[in-house]
Amino acid sequence: MIIRSLKDMAGTGREVHAPTFVSRRMLLGKDGMGFSFHDTILYEGTETNIWYKNHLEGVYCVEGEGEVESLDDGKVYKIGPGTMYALDRHDRHILRAITDLRMVCVFTPPLTGGEVHDEDGSYPLLEGEQAT
Ligand code: 9YT
């Protein structure tokens, strides 16, 4: 069994900082679960352009207020505690944090380490890269 808490991520390669968010990667590919599991805080007043061409992601909001806009059809959905969205079609989207937005995210295939968004807002498929 794997037991971890948020404070174990602080200051390690599992805590990844980006301009609009911090992602605490509690499970990665090397943990052997077949998915990665993240506790992410998107900062108040930011927007993040995202297009996960190589991954599927489920996102569950536990705190805060925001919205997600699907760029394929222009629809905008409110996000708050208890709301989940799933990017089942590799949907291009913009995530707006009205307040700090705390999200629990699951990726398949799993992220392997310290990936940060590229210019499309996606993560590459990496092999062999391991966080500490
Ligand atoms: C909700 C979302 O996709 N935020 C971007 C960060 C990502 N979840 C990550 O790197 O943990």
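Quick notes on this one:
- Of all residues in the range 56-77, at least one satisfies being within 13 Å of the chain's Cα centre (by Cα), buried (at least 20 other Cβ atoms within 10 Å of the Cβ) and within 17 Å of L111 (Cβ to Cβ).
- Just one of the listed residues (G13, G45) is at pLDDT below 95 and either loosely packed, with under 15 Cβ neighbours inside 10 Å or away from the ligand (no atom under 13 Å from the Cβ) (or both), and it is G13.
- Highlighted here are the strands (runs of 3 or more DSSP E) found entirely within the range 48-112 that include at least 3 residues which are touching a residue at least 12 places away in the same chain (Cβ under 8 Å) and not aromatic (F, W, Y): 56-63, 66-70, 84-87, 93-97, 101-108.
- Leading residue by the ranking (nearest to R89 (Cα to Cα)) among those in the range 30-42 that are away from the ligand (no atom under 14 Å from the Cβ) and assigned to a loop (DSSP other than H, G, I, E, B): G34
The values are calculated or read from the model by the stated rules, or taken from the named source; none is laboratory data. Just so you know, these numbers come straight off a predicted model, no measurement behind them. We place every Cβ from the backbone using ideal geometry, glycine too, and count neighbours over all the protein chains shown.
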